[in-house]
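Take a look at the structure set out below.
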There are 2 protein chains.
Amino acid sequence: MWNADTVTTPPGLRERKKQATREALRKAALRLAMERGPDQVRVEDIAEAAGVSPRTYNNYFASREQAIVSAVTADREARIAAAVAARPAGVRLADAVTEAVVEQYTNTGEREHEALLLITTRTALRDAFLDTTTSIEPPLTAVIAERLGDAGAHTARVLAASVAAAVRIALEGWLRPAGNAGATGSFGAGGLVVPSGSLPDQLRAALLPLVPAFDAAERRTRP
Amino acid sequence: MWNADTVTTPPGLRERKKQATREALRKAALRLAMERGPDQVRVEDIAEAAGVSPRTYNNYFASREQAIVSAVTADREARIAAAVAARPAGVRLADAVTEAVVEQYTNTGEREHEALLLITTRTALRDAFLDTTTSIEPPLTAVIAERLGDAGAHTARVLAASVAAAVRIALEGWLRPAGNAGATGSFGAGGLVVPSGSLPDQLRAALLPLVPAFDAAERRTRP
DNA sequence: CATCAAAAGTGCGTACACGCAAGTTTGCGC
DNA sequence: GCGCAAACTTGCGTGTACGCACTTTTGATG
């Protein structure tokens, strides 16, 4: 049984062009944003740099922030899912997922790190970046479901969504230097906030509470 | 030591007016949308009906959909958090949360149900509605953290986010009659989709996989 | 009660998202 | 190769989001 999203389609000549356009827009958006600063880039500029009309640009991205951010996040979802699938079937599912996530979020090249710095400077970009975490849900659901078997399809969906949420929280905590409007929710004035450890630490810490859920799911479908 | 979000502020006369305006906008948005259909309502109309300028409208809501939907979701977050807090300290945290969520999502009046029907007719409204699930995170984090103690503050955040994600999934499954573009992710061609049970059932089912995580958290901080 | 700083409301201008109805390309069946 | 249907692109038009500078309101202080 072949998976419709991964192996099937022999790229398709048409699809190729689409992806090329998408990538051209990504690159253009990020490059321009880095050159002039994010606020000095209009969609018209991005479209022109990519050689398409502004209207076409909007067929690919729903917002300017999305275009810029997507150059960084690219196909992280697919890489994470692949990383999970790559682990031997013997390892604990929770570990496989955790390691895959950490691995794919820390393989940050120099160029990528530079872009991240840019993203942190604008709230709109930060939000768009955090929103990308939900995009790992579908592929992650697929690989988890594969390990849990058909009976756990529903569970897989919830677990994948929880992982995405945990990752989002980890990223929030990580790219928050310190000064921050108290949107943390009504917490004690003690201000006992985690001192923002390294990203891998934050990710592991955020995923830790979900481990029992993974274990239980695995136990239930694999007696 | 008083908590800034809950007990402190004796309503504040100024704050009252703000909430009044917000509610006026909510009501106006929903009413107009129900009268003429969602696409025949411009922000100008809503603002006028609420007696404020269009610009002010945008100081309260970032999108037209948000305004309409918020009339339905109102303060559900607070009600859910309160419902959890209301359960006796003895009951299992997982049960307290599950029941609170189910309870607050099924207490749907006639008027509310009518509005939900409207929401399902437009994708943009559906999305806005699903997005409101994340708003339960802060208050839910607070009540969960209270039960887990300071050591579990971090865990509480992740659990709350997971609950929000699960609720979102349940709602997605519920307000999806049948015909749907396959955004479900790469699944087997078997199309083994859950036959969309009642909302309470969907909610319980979605929260079920998280129960072990709650139990473990509770066990860890309360030996 | 007078005064004043902070906060909410407003008008305006710019850029953006997106529906619609063309025009153009792609790839399939014959 | 031919033509056709579906998919992609584009120009146009409308409504929307939001920064900025300014006026009005609020509520605390002397």
Exercise for the section: Within region B:34-44, track down each residue that is part of a helix (DSSP H, G or I) and either surrounded by 12 or more Cβ atoms within 10 Å (Cβ to Cβ) or of a type in the set (A, V, I, L, M, F, W, C) (or both). Expected result: B:Met34, B:Pro38, B:Val43
Practice task
Quick one: B:Leu140 ticks every box in (1) surrounded by fewer than 22 Cβ atoms within 10 Å (Cβ to Cβ); (2) under 18 Å from A:Val158 (Cβ atoms); (3) under 16 Å from the mean Cα position of the chain (by Cα) except a single one, so which number is it?
Solution key: (1)
Practice task
Inspect region A:150-166 for any residue being at the interface with chain B (Cβ under 7 Å from one of its Cβ atoms), at positive phi and at pLDDT below 95 and give the result as yes or no.
Solution key: no
Handout entry: Criterion (within 23 Å of B:Ser135 (Cα to Cα), modelled with pLDDT under 95, surrounded by fewer than 18 Cβ atoms within 10 Å (Cβ to Cβ) and more than 16 Å from DNA strand D (Cβ to nearest atom)) met by exactly one of B:Gly109, B:Gly90
Key = B:Gly109
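Does region A:61-81 contain any residue that is free of Cβ contacts under 8 Å to residues at least 12 places away in the same chain and within 16 Å of DNA strand C (Cβ to nearest atom)?
Looking only at region A:61-81, we keep the residues that are free of Cβ contacts under 8 Å to residues at least 12 places away in the same chain, and these are A:62, A:75.
In the following step, the residues that additionally are within 16 Å of DNA strand C (Cβ to nearest atom) were identified as A:62.
Yes; the residues of region A:61-81 include at least one that is free of Cβ contacts under 8 Å to residues at least 12 places away in the same chain and within 16 Å of DNA strand C (Cβ to nearest atom).
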Exercise for the section: Kindly check whether there is at least one residue in region A:45-60 that is part of a helix (DSSP H, G or I), within 15 Å of DNA strand D (Cβ to nearest atom), away from chain B (no Cβ under 14 Å) and under 20 Å from the mean Cα position of the chain (by Cα). Expected result: yes
Completion exercise
Taking region B:20-44 and the residues there that are of a type in the set (Lys, Arg) and more than 9 Å from DNA strand D (Cβ to nearest atom), the one that is farthest from B:Ala74 (Cα to Cα) would be B:Arg36
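The values are calculated or read from the model by the stated rules, or taken from the named source; none is laboratory data. For clarity, every value in this text was computed on a predicted model and none was experimentally measured. Here the Cβ is made from the backbone with ideal geometry for all residues, glycine too, and neighbour counts use every protein chain on show.
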